[in-house]
Amino acid sequence: MSNDQWTPNLRYPDPYVTALDPRFNKYKLPLASVERLYTGTRWGEGPVWFGDGRYLLWSDVPGDCMYRWEEETAAVSAFRKPSNNSNGNTRDRQGRLITCEHLTRRVTRTEYDGSITVVCDRSRRQAA
C-alpha cells in the first residue's frame, strides 16, 4: 500500500494494526488510534515529529534514505539520500535534527540552512 495521498482511516480500530504477541494488548489505549501513513520502507525507524513544520521524518536503514511525510499534503518524499544508513533521529533544544549514522559511526546535526555538522565521530586508534 504505497499511498500518494493520506486519508484518515474511517474504520476504527485500523484492521491492519494488530498485536503479534497477545501480551501487548494490555498496553492498548481504548481511545488511541494507530494509523499507517506509508509503506515501502524495508526497515523504517527513528521517527521524529517537526510540529513547527507539520512533518514527520524517519529513516529506512537498509534503503539508505530518510523520508519526510507532510501533514498538509500527505506527500512522502526522500529527505536525504544517501543518509549514511541513518538509524535514529531526534531534535535538539534549538529544534535542529540530530541523526545517528550507522555507516559512518557518527552523530550529526542538520543546521537550519541544511548543512550537516558532525557532533560526534568514532576515531580509529592506531595500533602501537
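Nothing in this text is a laboratory measurement; each read-out follows from the coordinates by a stated rule. Computed from a predicted model, the values in this text were never measured in an experiment. Using ideal geometry, Cβ is built from the backbone for each residue, glycine included, and neighbour counts are taken over all protein chains shown.
Worth a mention:
- Within region 58-76, at least one residue is over 10 Å from the mean Cα position of the chain (by Cα), among the acidic types (D, E) and buried (at least 16 other Cβ atoms within 10 Å of the Cβ).
- Checking each residue in region 92-116 for being closer than 16 Å to L56 by Cβ and within 12 Å of the chain's Cα centre (by Cα) picks out L97, I98, T99.
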